[in-house]
1. Check whether at least one residue in the range 22-42 is at pLDDT below 75, in a loop (DSSP other than H, G, I, E, B) and within 25 Å of ASN132 (Cβ to Cβ), and report yes or no.
2. Note down all Cβ pairs under 9 Å where the first residue falls in the range 171-188 and is surrounded by fewer than 19 Cβ atoms within 10 Å (Cβ to Cβ), the second is small (Gly, Ala, Ser) and not in a helix (DSSP H, G or I), and they're at least six residues apart or on different chains.
3. Taking ASN149, is it among the polar types (S, T, N, Q), open to solvent by less than 20 Å² (accessible area, probe 1.4 Å), farther than 21 Å from GLN98 by Cβ and at pLDDT 90 or above?
4. What number of residues within the range 211-241 are more than 20 Å from LYS128 (Cα to Cα) and either open to solvent by less than 70 Å² (accessible area, probe 1.4 Å) or at pLDDT below 90 (or both)?
5. Among the residues in the range 212-231, are any in contact (Cβ under 8 Å) with a residue 12 or more places away in the chain and within 19 Å of ALA101 (Cβ to Cβ)?
6. Report yes if MET213 is touching a strand residue (DSSP E or B) at 6+ places or on another chain (Cβ under 7 Å), farther than 30 Å from LEU93 by Cα and of a type outside the set (S, T, N, Q), otherwise no.
7. For the structure I just gave you, tell me whether THR168 is out of contact with any Leu (no Cβ under 9 Å at 6 or more places or on another chain), surrounded by 15 or more Cβ atoms within 10 Å (Cβ to Cβ), modelled with pLDDT of 90 or more and β-branched (Val, Ile, Thr).
8. Can you find even one residue in the range 35-43 that is among the hydrophobic types (A, V, I, L, M, F, W, C), open to solvent by 30 Å² or more (accessible area, probe 1.4 Å) and in contact (Cβ under 8 Å) with a residue 40 or more places away in the chain?
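The values are calculated or read from the model by the stated rules, or taken from the named source; none is laboratory data. Worth saying up front: this structure is predicted, and the values here are computed from it rather than measured. Note that we place each Cβ from the backbone using ideal geometry, even for glycine, and neighbour counts take in every protein chain shown. These area figures cover heavy atoms from the full protein model, side chains too; ligands, DNA and RNA do not enter into them. Shrake-Rupley method; radii C 1.70, N 1.55, O 1.52, S 1.80 Å.
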Amino acid sequence: MPTNNNTVTEEPSPKTQPQQRPFTDLIISIVIPSIILMKFSDEARLGATNALILALAFPIGYGLYEWIANGKRNVMAALGVVSVILTGGIGLLKIDAQWLAIKEAAIPLSIGIGVLVANKLGFPLVRKLLFNPTIMNVDRIHHELEKKNTRAEFESRLDRANTLLAGTFLFSAVMNYFLAKIIVTSESGSSAFNEELGRMTLLSYPVIAIPSMLMMMGIFWFIWRTVNRLTGLTLEEIMVTDKSN
């Protein structure tokens, strides 16, 4: 019976994890807003202001839905919504377009700095994102590290992984800045500004999002190789699978 009780206490954890829908995220947050901005911003259709409001309504609405309905109440989700609102503010209030590039860089840069500061305060984000009980058998890994007396080396390499994670946000900040600076050159609030904003949003996926995801995969591989080398555990022993129930 004790084993059954343990199983019951562990089961809610996977259920509380929202189902990942990357294709839906891509369509609602990038593709639809980009099409609206590029194709419906001229005065013969929606006009610059209405097109911008409609385009921004999709990522803001979807982000708030995920944040409230699915329990994704975290700083990054909130920053994502804030970022979209700031973009809308620049366009609707007709603020100088150069502030768009600054805003695009400021959000990921602040996250990257936050990752480093949190690590110094003892809250490494890499543990929450990659080295956590929903992905890896953390307890077993720690047990093997203690047994082989390699815990200190592992913690050192986890700190390095956290620094690499901060580096991915620095990469995003630099790329966001130059992408916005190169593409969005028209006066904010104009149809041309909307079209350029839509083009920038569409290009941000292959130019920034995909390389960032590849970097994250590289960091995950770095952690897995570290665990494998320091504990001798295989991939099947390290990763959490549904068969564990």
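1. Taking every residue of the range 22-42 in turn, none turns out to be at pLDDT below 75, in a loop (DSSP other than H, G, I, E, B) and within 25 Å of ASN132 (Cβ to Cβ).
2. THR185/ALA97; SER186/ALA97; GLU187/ALA97
3. The answer is no for ASN149.
4. Qualifying residue count for the region: 7.
5. Yes.
6. Taking the combined requirement at face value, the residue does not satisfy it.
7. Working: out of contact with any Leu (no Cβ under 9 Å at 6 or more places or on another chain): yes; surrounded by 15 or more Cβ atoms within 10 Å (Cβ to Cβ): yes; modelled with pLDDT of 90 or more: yes; β-branched (Val, Ile, Thr): yes.
For THR168, the condition - out of contact with any Leu (no Cβ under 9 Å at 6 or more places or on another chain), surrounded by 15 or more Cβ atoms within 10 Å (Cβ to Cβ), modelled with pLDDT of 90 or more and β-branched (Val, Ile, Thr) - is met.
8. So far as the range 35-43 goes, yes, one or more of its residues are among the hydrophobic types (A, V, I, L, M, F, W, C), open to solvent by 30 Å² or more (accessible area, probe 1.4 Å) and in contact (Cβ under 8 Å) with a residue 40 or more places away in the chain.
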